[in-house]
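The values are calculated or read from the model by the stated rules, or taken from the named source; none is laboratory data. From a predicted model like this one, the values you see are computed outputs, not experimental measurements. Using ideal geometry, Cβ is built from the backbone for each residue, glycine included, and neighbour counts are taken over all protein chains shown. Accessible surface areas use protein heavy atoms only, side chains included; no ligands, DNA or RNA. Shrake-Rupley method; radii C 1.70, N 1.55, O 1.52, S 1.80 Å.
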Amino acid sequence: MKSKKLIFGLSVLLISCAAVFIATPADYYVKLGRGFYGLAIEKYKKENTDAAKLKLGNLYFDLGRFDKTIDAFSGLDNAGAQKISALALYHLNKFTEALAVFNKLGKLNDGEYLYYYGLTCEKSNLYDEAEKIYQKISPSNKEYRAKADERLAALSHLIGKEVSADILPLLINSPAQEDYPEAGALILSVKEELEILPDNTSVSSAHILVKILNDRGKEDFSEVVLGYDSTYEKVELEFARTIKPDGTAVSVGDKNIRDVSVYLNFPLYSNARAKIISMPEVTPGALIEYKARTYNSKLMADKHFSLPYFLQESEPVLYSAFKLIVPKGRKVNTKILNSEYNKIAANLTPKITEEKDKTMYLLELKNIPQIIPEPNMPPRAEIDTILLMSSFSSWDEIFNWWDKLYKDKITADESIKKKVQELTKGLTSDKDKAQAIYHFCAQEIRYVAVEYGDAGYEPHRAAEIFLNKYGDCKDQAILLITMLKEAGLAAYPVLIGTEGTIALQEEFPMSVFNHAICVLELGGDYIFLDPTAETVSFGDLPSGDQARKVLVFFENTFKIMTTPDFGVTRNSIETQTQIKINKDESIEAARSVFASGAYEQAQRYWLIYTPPSLIEEGIKNKVQEFSPNGRLLDYKIENARDLNKKVIFNYKFSGDDFLIKAGRARILSELSGGVGVSSVVKDERNYPLYFGSLSQTEADLKINIPQSLRFKYLPDSVDIDNEWLSFSSKYVLKGSTLEYKSRQAFKKKYILVSEYKQFKIFLEGLARSLNQAIILEEAR
């Protein structure tokens with residue numbers, strides 16, 4: 001009996017509690033505090049009135065649940081709800097949507113609202129509008145008036161700020177343009193520091209002071225770009241300012257700083273970012289000064305670093321200091337490259353000191369001349385003296401590091417497997433299979449030109465790249481290797497420093513790589529493949545990949561190898577031209593162009609990416625070289641995208657003024673076109689003459705003349721073969737047809753400074769000897 005009474009009592013109590021909950025308004029639970037907000041939310045939802053929705057949205061906003069705020073206000077046509085929605089959208093980083101709401105509501109008399117309206121304008125780069133909005137916040141609203149004043153100060157240029165005593169003498173006493181006539185600016189001081197911390201993170205800083213001498217310097221230094229990888233790095237700008245010639249300092253405001261994605265259209269590489277600083281009021285005579293720090297939370301291979309220090313810059317450097325700080329006991333290896341170009345005998349051996357638990361490497365240099373450009377000079381990495389610094393002691397350490405980063409990415413999902421089957425269906429030879437897969441990766445996977453390391457060192461998974469159909473070099477290499485392995489072929493990743501970068505030094509382990517490719521092992525041979533080069537056929541390489549020492553990652557070991565240098569045997573362009581001179585001395589002609597190697601790669605690129613109308617215009621311009629009023633009759637282009645076939649490029653044309661009349665005589669310029677001498681215009685050089693990839697050009701021309709004309713004079717044939725150049729030019733007359741053949745091939749990539757004068761004399765002499773004309777005359 002007692003139990004029945006107890007149950008009855010509890011039931012009455014529960015019914016009473018439920019009745020109390022139903023009867024109690026939601027606002028009551030809000031007043032009770034956070035512990036009761038859940039009850040308030042349920043009550044507002046059940047009420048389902050506009051007033052309840054408004055209160056619910058405000059409650060969500062106070063709780064920081066901004067997405068729920070937007071949902072609660074959905075469908076409400078209420079100014080209060082829209083105001084809170086705008087603030088919520090700002091907090092959700094939906095700045096475009098927030099700005100639309102703010103603009104719809106206008107400039108309401110609400111300090112908090114106006115403050116976030118201004119912040120939203122800033123996020124949308126509407127800085128002038130932001131300033132106007134901040135100024136509308138009433139002084140009576142002390143909290144948001146103070147915040148607005150902080151933003152106004154940050155946005156504005158601070159003019160008239162006092163310049164420190166050590167800067168003013170530099171402004172007054174620094175050298176002028178007449179002291180450095182070749183310079184666009186003077187780097188007065190550059191102080192850099194890199195500290196490797198015991199927890200294997202790092203902090204680097206740079207303090208730069210530059211004097212602008214002219215408009216060229218203004219163009220080069222007005223924008224400061226600080227690149228970083230947002231995954232592991234953070235950049236802080238301590239200050240940036242322009243010191244005007246009158247001594248007035250103008251500090252950079254936030255409106256002059258952008259933090260942008262370098263590869264905006266490619267989300268996979270959104271971590272590659274840059275802080276861009278637009279320096280204010282830059283004029284000749286002004287100084288630019290900035291100081292920045294970069295914090296790095298992850299070193300290469302967890303604890304290592306590699307860095308090059310270049311002696312010279314494109315502008316003179318009056319003072320340079322670099323300090324490397326490492327934990328005591330941490331080994332740092334150094335090596336100096338290109339010391340033969342250290343004309344000022346600068347000491348690039350760091351001074352080493354120890355302090356408590358740190359070891360410091362200090363390099364101080366003064367009055368470093370600029371590199372003055374010369375025509376056809378080698379890349380900077382080959383002619384600037386460089387101090388290499390690396391904590392790696394062996395190539396095994398680099399292998400073990402990157403081997404772990406890429407190996408688990410080489411996995412074929414069902415989509416990749418299906419594509420490999422499709423590409424190799426019906427193919428029996430391994431070479432044909434490899435060729436089909438390579439051509440797919442090179443042409444169908446869009447290349448994003450991110451240098452190795454700029455967006456991190458770890459590649460993405462092959463399946464992700466295949467799905468997105470785009471990737472940087474390391475990603476494209478991983479996808480190609482994955483697909484080749486799926487086809488039963490042996491392929492391996494390759495890290496390479498392309499032409500123009502510091503070459504791999506076998507005795508000095510260091511990360512000098514800016515690119516990734518792959519190597520295929522086929523029939524005992526190694527075939528290097530670069531899938532980022534969409535116009536390069538299987539087995540060929542871009543010129544920048546050739547003759548480079550590379551690090552190959554085999555299954556359980558590595559090997560330093562050298563990529564092939566195809567040279568003149570692969571890089572050639574040949575033209576075959578037939579010209580018929582009619583009785584009225586008009587011409588009908590046809591030309592075919594055959595290219596291979598670098599020439600074919602460039603030809604394919606031009607044909608694929610140039611609009612047809614511009615291709616036709618380019619051919620017409622070539623026709624004009626034969627006849628000033630030449631007319632393009634027809635042209636044929638085939639196989640530009642088919643890497644399995646040679647490009648067919650033929651065209652036909654006609655013209656009226658092929659020959660120059662001189663009474664009864666007719667003059668035709670020497671057919672070889674001579675040799676270019678623009679590369680030897682300088683009497684002396686400071687750097688070698690650099691031709692890049694070795695190549696050859698060949699021309700085969702036949703001219704048929706009417707009976708009304710006859711040949712009176714032909715230039716002498718030329719046949720030269722020396723240490724620099726192989727050149728031949730031969731004329732053969734067969735009845736009324738003149739056959740002309742020429743071939744030109746450079747033998748050396750570099751003409752050294754010591755041999756330049758002799759080469760100059762030779763080339764100019766050859767040009768003079770070829771400056772002859774073919775003479776025809778009217779037949780009697």
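Partners of Lys107 within straight-line reach, counting aspartates and glutamates whose Cα lies under 12 Å from its Cα and excluding those fewer than 8 residues away in the same chain: Glu129.
About its Cα centre, the chain has a charge dipole of approximately 2040 debye under the convention of +1 per Lys or Arg Cβ and -1 per Asp or Glu Cβ, with nothing else charged. In this structure, the pairs whose alpha-carbon distance is over 20 Å, taken from Lys431/Lys645; Lys104/Lys142; Lys409/Lys485; Lys645/Lys702; Lys407/Lys474; Lys404/Lys559, are Lys104/Lys142; Lys645/Lys702. When you filter the GluC sites (Glu not before Pro) in the range 626-709 for DSSP loop state and at most 13 other Cβ atoms inside 10 Å of their Cβ, you are left with Glu684. The sum of -39500 (n - 2.57) across all DSSP H runs of n ≥ 4, divided by the residue count of the chain, sets its helix-only mean residue ellipticity at 222 nm to -9500 deg cm²/dmol. Highest mean packing comes first when the peptides 230-238, 487-495 are listed by Cβ atoms within 10 Å, giving 487-495, 230-238.
Can you give me the span-like helices of the chain, meaning DSSP H runs with 30 Å or more of Cα extent along the axis and Kyte-Doolittle mean at or above 0.0? Span-like helices here: 2-23.
Remark: the chain carries 50 Å² of accessible area per residue (probe radius 1.4 Å; ligands, DNA and RNA excluded).
Could you tell me what percent of the DSSP beta bridges with both partners in the chain are antiparallel, to the nearest 5? Bridges in the chain that DSSP calls antiparallel: roughly 90 percent.
For Lys211, a cut-off of 26 angstrom between C-alpha atoms picks up these lysines, skipping any fewer than 8 places away in its own chain: Lys161, Lys191, Lys244, Lys255, Lys275, Lys291, Lys323, Lys343, Lys366.
Applying the Karplus relation 6.51 cos²θ - 1.76 cosθ + 1.60 with θ = phi - 60° to the range 495-501 yields 3J(HN,Hα) values of 9, 9, x, 6, 3, x, 10 Hz, where x marks Gly and Pro. Among (1) 140, 73, 59; (2) 88, 68, 45; (3) 97, 89, 61, find the value of Cα extents along the principal axes in Å that was calculated from the structure presented, and write down its label. Here Cα extents along the principal axes in Å agrees with entry (1). Packing, as the average of other Cβ atoms within 10 Å across residues, places the peptides 316-325, 372-381, 413-422 in the order 316-325, 372-381, 413-422, highest first. Taking square-rooted eigenvalues a ≥ b ≥ c of the alpha carbon gyration tensor, is the range 324-399 rounded, prolate or oblate, where a/c under 1.5 means rounded and, failing that, a/b exceeding b/c means prolate? Here the range 324-399 falls in the oblate category.
Shape analysis of the range 705-780 places it in the prolate category; the axes a ≥ b ≥ c from the Cα gyration tensor give an a/c of at least 1.5, with a/b above b/c. Taking amide H as placed 1.01 Å from N in the peptide plane, the amide H of His515 sits under 5 Å from that of Tyr452, Ile496, Thr498, each at least 5 places away or on another chain. Annotation: Lys351 carries an accessible surface of approximately 130 Å², with a 1.4 Å probe and no ligand, DNA or RNA atoms counted.
Ignoring lysines fewer than eight residues from Lys328 along the same chain, the ones with Cα atoms less than 16 angstrom from its Cα are Lys303, Lys351, Lys356, Lys358. May I ask you to list the trypsin sites (Lys or Arg not before Pro) in the range 450-507 that are in a DSSP loop and have at most 14 other Cβ atoms within 10 Å of their Cβ? Here the sparse-neighbourhood loop sites are Lys469. What is the range 434-571 by shape, rounded, prolate or oblate, if you read a ≥ b ≥ c off the alpha carbon gyration tensor as root eigenvalues and call it rounded for a/c under 1.5, prolate for a/b larger than b/c, and oblate otherwise? Rounded is the answer for the range 434-571, as its axis ratio a/c remains below 1.5.
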